[in-house]
2 protein chains.
Amino acid sequence: MITVSIVEDHDQYRDLLYQVINDNPEFQILDSFSSAEEALKSIIINPPDIAIIDIKLKSLSGIELIQRIKSKIPQTLFLMCTAYQNNENVFTALKAGASGYIVKGSSAEEIQSAVKELYNGGAPMSPYIAKKVINLLHGKEDQNNYDLTEREIEVLSHLSKGLLYKEIADLLGISLNTVKNHCKNIYKRLHVQNRVEALNKFNA
Amino acid sequence: MITVSIVEDHDQYRDLLYQVINDNPEFQILDSFSSAEEALKSIIINPPDIAIIDIKLKSLSGIELIQRIKSKIPQTLFLMCTAYQNNENVFTALKAGASGYIVKGSSAEEIQSAVKELYNGGAPMSPYIAKKVINLLHGKEDQNNYDLTEREIEVLSHLSKGLLYKEIADLLGISLNTVKNHCKNIYKRLHVQNRVEALNKFNA
DNA sequence: AAAAAAATAGCCCTTACGGGCTATAACAAT
DNA sequence: ATTGTTATAGCCCGTAAGGGCTATTTTTTT
């Protein structure tokens, strides 16, 4: 039986996580917190095997939360929860002590298998992030940082699915022109001329 | 006596492989190529039992090389050579027809035993990759075979670099219209509408 | 020999893409 | 206070991309 605690301030997604974890008899929910402050008080007293923590919590971020409690509950593994894959914050979280992450929008099965993979010593993450971690281990400084903004990375992640500008605009609730502008800025910063080159460079 | 050919563009590592293989009286080097193009010409005429191929070769990748020659020399087994274990490319290579891989940095003994294991019907790889392969077997039956022609795969590989139709046409010495036609056929067969979707589907 | 598949190439058409601009509001840094 | 950054949004423009056709030659399969 794998015990799990959740720290997520969005009520809707916290409930979803709760159900997904609770649905599987291999897992048992210990706690479900809606803020880092709440978690800070209780999670040390009642440490789970796996703590699923939203990377973007109000006031105290998920990364800071980990930094504070990790040394006090070394047996607990941290699974970050992030809106965007390949976000720089994910990398920071891993450096801070997280062991893997799930992306919001993952299926129930993906979430459950991420928890299991983590518990079994694995590290669920994208190849891009994995390589950055390996580079770090090999002593290479965190190169490959093209200083894309979070929004730009988000747009890029949609480009990587083959979506049209129009589709991305609707998805993000912004205008087509804004999407185009983000792309232009991305291409400029990566010194490329089109989406495929951008994806190759960013995911290198 | 197991015959071995090597395709590796890094001089240093190619020499290392040569020595490691040559040192063992059970093996015999047939050829040692420094590019996929060289290998393409000669390896079909003089096929080895085992071909050790670097996964990242210039211009034509090791994966593409396998796709091109595998059907012509079905008795040859392919051992990929990769910098990082568990790379997605390794998985792609296995789907393309490789039977195992070694990691750069392996010891002489590890390399030799990988070759022997391969020759004896084994498949040297990490548990992670092995699991992906098993998942593929348990899941959908090699869904990756979209029956693309060699030429189409070649065009797709250039698309994956972010090249323009015009550039691909010049590279292959054919007209822009022909490149467009190949792409249309690729998209039709993969049931997608653009190059990024095609690449995602083909490399899935 | 006949049929099928693959590679070649052209035409027409619409639209998505990429690049050059400017501009504003919100916010952060200096 | 001023500067810089980010996200937003618009405009104009040329071209690349993608889709629907037909057609010829070569290669492969039956």
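The values are calculated or read from the model by the stated rules, or taken from the named source; none is laboratory data. Given the structure is predicted, the values throughout are model-derived calculations rather than measurements. We place every Cβ from the backbone using ideal geometry, glycine too, and count neighbours over all the protein chains shown. Areas reflect the complete protein model, heavy atoms only, side chains present, ligands, DNA and RNA absent. Shrake-Rupley method; radii C 1.70, N 1.55, O 1.52, S 1.80 Å.
Applying the condition of being more than 9 Å from DNA strand C (Cβ to nearest atom) and closer than 14 Å to A:Arg195 by Cβ to the range B:184-201 and asking which residue is least open to solvent (accessible area, probe 1.4 Å) yields B:Ala198.
Listed conditions (1) at pLDDT 75 or above; (2) over 17 Å from A:Ser5 (Cα atoms); (3) open to solvent by 50 Å² or more (accessible area, probe 1.4 Å) are all met by A:Asn145, apart from (1). When B:Gln67, B:Gln12, B:Gln75, B:Gln19 are checked against the criterion of being more than 19 Å from B:Val103 (Cα to Cα) and surrounded by fewer than 16 Cβ atoms within 10 Å (Cβ to Cβ), a single residue qualifies: B:Gln75. For the range B:170-204, a residue qualifies if it is more than 9 Å from DNA strand D (Cβ to nearest atom) and either away from chain A (no Cβ under 14 Å) or of a type in the set (Lys, Arg) (or both), and the qualifying residues are B:Asp170, B:Leu171, B:Leu172, B:Gly173, B:Ile174, B:Ser175, B:His182, B:Asn185, B:Arg189, B:Lys201.
In the set (1) of a type in the set (S, T, N, Q); (2) at pLDDT below 80; (3) in a loop (DSSP other than H, G, I, E, B), the condition left unmet by B:Gln75 is number (2).
Annotation note: Cβ proximity below 7 Å between a residue of the range B:42-65 that is in contact (Cβ under 8 Å) with a residue 12 or more places away in the chain and a residue that is among the basic types (Lys, Arg) and not in a helix (DSSP H, G or I) (sequence gap 6+ or interchain) occurs for B:Gly62/B:Lys56.
Only one of the listed residues (A:Tyr165, A:Tyr119) is in the same structural domain as A:Asp11 (by TED's automatic domain parsing) and at pLDDT 70 or above. That residue is A:Tyr119.
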